[in-house]
Amino acid sequence: MKLLVKAPAKINLSLDVLHKRDDGYHELEMIMTTVDLADRLELALRNDDRITVYSQSRFVPDDERNLAYKAAKVLKDRLGIPKGVEITIEKNIPVAAGLAGGSSDAAAVLRGLNKLWGLGLTLDQLATIGAEIGSDVSFCVYGGTALAKGRGEIITPLPAPPNCWVVLAKPPIGVSTAEVYENLQLHNVVHPNSKAMVEAIEQNDYFGMCQNLGNVLESVTLNHYPEVKSIKNDMKRFGADAVLMSGSGPTVFALVQHDSRMQRLYNGLRGYCNQVYAVRMLGKRNEQ
Ligand code: C5P
């Protein structure tokens, strides 16, 4: 028996850090949305009880360092499942990019195995298990658009954002999320207005959304990697309505409404950046 599951990337429309917690994590307020750039996972029942992971991407580990593997292992151990699974990942989302590719693969495994192994868990139960695997996994279990608080695992759903193009560009560097958080100087940042962003989304106000994009982690990544800052500047020059870095970076995205502007941005960036994608936000949450 086999199952195909899609694992979409996410972007942060805003990312605010409120304070550092006693457990070492940071207390966050983020507004995230899924976009139609997705990994594709095939889950196949094995004859034995092993968990195996394959991918053609040399950036994807095939052992317990892989979040998809971890997700299967946590589910199997927690519920005492005597079955195995062969996970094959078609990697389309750039790795270590601020797009939650690994977290989304893990969430897809949780949703997929819930069906393949016949577990009958709710999305809320899967999201709770997901929080143990990584801070963005709970959001990825639901998909769509949401306000995420706490470590990132307290999720409040939001309506679909105003319709527009998202042009993503990833410079050829990988960023360690842990290092970015370690180097964050909270007294030195401009905090985004999460409330105003939520209102803009609720009122379907495109320019309100553009005005309120904000990510405190830019203060670290843009300083360490000047190429990220220069892609942001180029995007503005190519006609973006608004630009922001996603997550801890280095991927940067631009918002535009019209096809012609999207094309201009895409072509301009493709001139010197290998990984450029023009995508739409996915309004819909996962149902199961
Ligand atoms: O939870 P996850 O493993 O995805 O987080 C990666 C790293 O990012 C953590 O080890 C931590 O250093 C940092 N982080 C944080 N506060 C959060 C989420 C992540 O400090 N809320």
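Throughout, read-outs are computed from the coordinates displayed, never taken from laboratory work. Bear in mind that the values here come from a model prediction, so they are computed numbers and not experimental data. Neighbour counts run over all protein chains shown; Cβ positions are idealised from the backbone, glycine included.
Past the 22 Å Cα-Cα mark, which pairs from Lys195/Lys236; Lys20/Lys229; Lys6/Lys284?
Working: Lys195/Lys236 25 Å; Lys20/Lys229 26 Å; Lys6/Lys284 13 Å.
Flagged as over cut-off: Lys195/Lys236; Lys20/Lys229.
Please express the shape of the stretch 2-158 as an equivalent ellipsoid: the semi-axes are the square roots of 5 times the eigenvalues of the C-alpha gyration tensor, given largest first in whole angstrom. Working shown, then result.
Details: eigenvalues 130, 57, 39 Å².
Largest first, the stretch 2-158 gives 26, 17, 14 Å.
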Between Leu119 and Lys229, how high is the FRET efficiency from 1/(1 + (r/R0)^6) when r is the Cβ-Cβ distance and R₀ = 35 Å? Nearest 0.05. 0.15
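Using 0.36 nm per residue, how much length does the chain from Tyr54 to Arg21 gain when fully extended, once their Cα-Cα distance is taken away? Please list the in-between numbers first.
Values: separation 33, 0.36 × 33 = 11.88 nm, distance 3.64 nm.
The Tyr54-Arg21 span can extend by a further 8.2 nm.
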Computed over all unlike Cα pairs, the Kirkwood hydrodynamic radius of the stretch 165-280 in Å stands at 14.7
Label point distance in nm, Ser260-Arg280, each placed 7 Å from Cα along Cα→Cβ: 2.1
Which value in nm describes the separation of the simple spin-label points at Tyr272 and Arg46, placed 7 Å from the Cα toward the beta carbon? 4.7
Please report Rg (one decimal) and Dmax (integer) in Å for the Cα set of the chain. 18.5, 56
Mean-position separation - Cα centroids, the stretch 15-69 and the stretch 124-182, in angstrom: 10
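If you count, for each residue, the other Cβ atoms within 10 Å and average over each peptide, how do 59-71, 275-287 line up from highest to lowest? Before the final figure, lay out each step's value.
Working: 59-71: 19.0, 275-287: 16.3.
Packing order, densest peptide first, comes out as 59-71, 275-287.
In terms of the ratio Rg/(2.2 N^0.38 Å) built on C-alpha atoms, what value belongs to the stretch 107-249? Walk me through the numbers on the way to the answer.
Details: Rg = 17.2 Å, N = 143, 2.2 N^0.38 = 14.5 Å.
Cα-based Rg divided by the globular estimate yields 1.18.
What relative contact order, as a whole-number percentage, does the stretch 134-288 give when Cα pairs under 8 Å and 6 or more residues apart are counted?
Values: 259 pairs, mean separation 53.2, N = 155.
Over the stretch 134-288, the number comes to 34 percent.
Express the relative contact order of the stretch 2-158 as a whole percentage, based on alpha carbon pairs under 8 Å and six or more residues apart in sequence. Can you show the working numbers first?
Values: 357 pairs, mean separation 43.0, N = 157.
After rounding, I find 27 percent.
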What distance in nm lies between label points placed 7 Å from Cα along the C-beta direction at Thr177 and Leu3? 2.3
